[in-house]
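Written below as structure tokens is the structure these notes are about.
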Amino acid sequence: MLRSRLALLASAALLLTGCSSGGQAGDPDKITLTIAWWGNPARTKATNAAIDLFRKKHPNIEVKVRPSAFPGYYDKLNTEFASGAAPDVFQDDQVRTYAAKGLLLDLGAYKDVLRTDELGAEFLAQGTIDGKLMDVPAGTSPMALVYQPALLKGAGMAAPSAETSWQDFAAQATKLATALPKGTWALADSSAQHNHLQVFLRQKGKDWFSAKANALGFTKEDLAEWWTLWADLRAKGVVPPADVTTGSAGGDVSQDPVAAKKVAMSVYGTSVSLPSEDWAYGPLPGEAGRPGVHLMRSVSWAVNAKTEHPREAVQLLDFLLNDPEAGKALGLSRGVPPNSAIAASLLPALGPQDKQIAEYVEHLRKPGNSGQAPAPDPAGGKEVRSDLLTRHTQDVWFGKASVEQAAAAFFEDAGKVLGRAS
């Protein structure tokens, strides 16, 4: 008899727990959200601090955090989506890929929760598909030129400007190389960096993908021109040899020549921390005519379409984007905040280097100083821009293919990927 009563009590307890709509035992009104992101320890610390503030302001919402390193992040996320265990909120940079699979919540349906007035149309456009807002910017990372002023000054050179052409930039770097100590190169090799190539293409009025996002938006000749520019600099010893550059070609920032201070100049994303205060920021060459740089997002926040708590998940996004205290806690951990009011509020307390970044982003916000934001990449876009570009660039580096052969192979492979994804 006693055993039967215990069994009945246990069953009742399980039923109560199962009906709590995400609440925890003993607190049926409290719901739980899970948020996932990748990043370095500084980003994790800042994000945790912002989420702590959210918990205090919203005691009815528990937020479980899942920070991780970038390698393996998407593999794990895809597995979780397949098994129905994906997080409610997650960091992403593949909006069209996930939207095409119906995995993203339409954030535009929650205008009463999510405030976007201070974010800027150029940022929102990068997460809008078929008129629906599918993700929102978590930070900014427009491309810039970084350089070590002391090394340029020692060579009697001024920093390149927006009026400097790519050809003149290459000539300046060649001259600078002769004045640098052995083991230091004038310029980092950008030939495998898809965001750097994008600026070059956009200055020509082109882009990575067509307007309909179903094909490449440039020609084999454009790619060959880009690769040839860097091949000539490599042959002259102006940029590091391939074996030095290889480590960073896939996006490993720790292996970047800038992080190791092996170069005097480099194209660089403004959300990536520089190793010391020895560096300064400036505009990229070729920007004066037709700006190729745009207000690029570093990463974005998206909401799982199958979350059990869509309004609360969107509420968390709104807090991370628009709450002044959250903005202060997050700082520049994902680049300058996309919320212009929060970015301006942070400016007085920033250090010299971060202040340069914030002022650069503010400069790009002004009409005419940056190009129009591109549409989101197509499904398969990340594979094309990152994996294929890296692989075929390395074929050029190591003499496995000529520039023309590698360009033809890249276009053939890219066509297959985009055809399969469409």
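Secondary-structure-derived ellipticity at 222 nm for the chain, considering helices only, amounts to -12500 deg cm²/dmol, per-run term -39500 (n - 2.57) for DSSP H runs with n ≥ 4. Amide H contacts for Leu133 (H built 1.01 Å from N in the peptide plane; partners 5 or more residues away or on another chain; cut-off under 5 Å): Leu107, Gly108. Multiplying the residue separation of Asp232 and Lys175 by 0.36 nm and subtracting their alpha-carbon distance yields 19.1 nm.
Annotation: amide H of Leu33 within the under-5 Å range of Glu62, Val63, Lys64, sequence separation 5 or more or interchain, hydrogens built in the peptide plane. Might you tell me the accessible area per residue for the chain, computed with a 1.4 Å probe and given in Å²? Per-residue accessible area for the chain comes out at 46 Å².
Ranked highest first by average number of other Cβ atoms within 10 Å, how do 322-334, 231-243, 63-75 line up? Provide the component values of the computation, followed by the final result.
Details: 322-334: 20.3, 231-243: 17.4, 63-75: 14.3.
Most protected by this proxy first, the peptides run 322-334, 231-243, 63-75.
Excluding same-chain neighbours fewer than eight residues apart, the lysines reachable from Lys57 by a Cα-Cα span under 20 Å are Lys30, Lys45, Lys328.
Here the Karplus relation 6.51 cos²θ - 1.76 cosθ + 1.60, evaluated at θ = phi - 60°, turns the backbone of the range 145-155 into coupling constants of 9, 10, 7, 9, x, 5, 5, 5, 5, x, 8 Hz, with x for every Gly and Pro. Students often get this wrong: which residues of the range 91-116 have the backbone nitrogen under 15 Å from the point 7 angstrom along Cα-to-C-beta of Lys132? Residues 95-111 fall inside that zone. How many percent of DSSP beta bridges within the chain run antiparallel, rounded to 5? Close to 60 percent.
Within a straight-line Cα-Cα reach of under 20 Å, Lys182 can be paired with the following aspartates and glutamates, leaving aside sequence neighbours fewer than 8 residues apart in one chain: Asp232, Asp243, Asp256, Asp278.
Take every Cα-Cα pair in the range 64-131 and report what % of them are more than 17 Å apart.
Numbers: 1167 of 2278 pairs.
Taking all Cα-Cα pairs of the range 64-131, the fraction more than 17 Å apart is 51 percent.
Shown in residue order for the range 323-339 are the 3J(HN,Hα) couplings computed by the Karplus curve 6.51 cos²θ - 1.76 cosθ + 1.60 at θ = phi - 60°: 7, x, 5, 5, x, 5, 5, 6, x, 9, 5, 10, x, 4, x, x, 6 Hz (x for Gly and Pro).
Scoring 158-166, 289-297, 354-362 by mean Cβ neighbours within 10 Å over their residues and listing the highest first yields 289-297, 354-362, 158-166.
Taking R0 as 35 Å, what's the FRET efficiency between Glu221 and Asp278 from their Cβ-Cβ distance, rounded to 0.05? It would help to have the intermediate numbers written out before the result.
Numbers: r = 38 Å, r/R0 = 1.09.
The computed FRET efficiency comes out at 0.35.
Each of the peptides 89-98, 132-141 was scored by the mean count of other Cβ atoms within 10 Å over its residues; in descending order, highest first, they stand as 132-141, 89-98. Of all aspartates and glutamates in the structure, those lying under 14 Å Cα to Cα from Lys306, and not within fewer than 8 positions of it along the same chain, are Glu80, Asp88, Asp106. Straightening the chain between Ser161 and Asn369 buys 73.5 nm, computed as 0.36 nm per residue apart minus the Cα-Cα spacing. Close amide-amide hydrogen proximity is noted between Leu216 and Ser210, each under 5 Å apart and 5 or more residues distant or on a separate chain (H modeled in the peptide plane; Pro and chain starts excluded). Distance between the C-alpha centers of the range 55-70 and the range 296-356? Whole Å please. So the two Cα centres are separated by 15 Å.
For the range 115-148, the residues whose amide N sits under 16 Å from a probe point set 7 Å from the Cα of Lys57 along the beta carbon direction are 115-119.
Need the full-extension length gain, Val65 to Glu308, defined as separation in residues times 0.36 nm minus the C-alpha distance. One decimal, nm.
Numbers: separation 243, 0.36 × 243 = 87.48 nm, distance 1.69 nm.
Full extension from Val65 to Glu308 adds 85.8 nm.
Scalar couplings 3J(HN,Hα) for the range 207-215, obtained by applying the Karplus form with A = 6.51, B = -1.76, C = 1.60 to θ = phi - 60°, are 7, 4, 10, 5, 4, 8, 6, 10, 7 Hz; x denotes Gly and Pro.
Where the alpha-carbon atoms of the chain are placed on the principal axes, they occupy 91, 50, 40 Å, in descending order.
The values are calculated or read from the model by the stated rules, or taken from the named source; none is laboratory data. These figures come from a predicted structure and were not determined experimentally. With ideal geometry, Cβ positions are generated from the backbone for all residues, glycine too; neighbour counts draw on all protein chains shown. Just the protein is used for accessible areas: all its heavy atoms, side chains included, with ligands, DNA and RNA removed. Shrake-Rupley method; radii C 1.70, N 1.55, O 1.52, S 1.80 Å.
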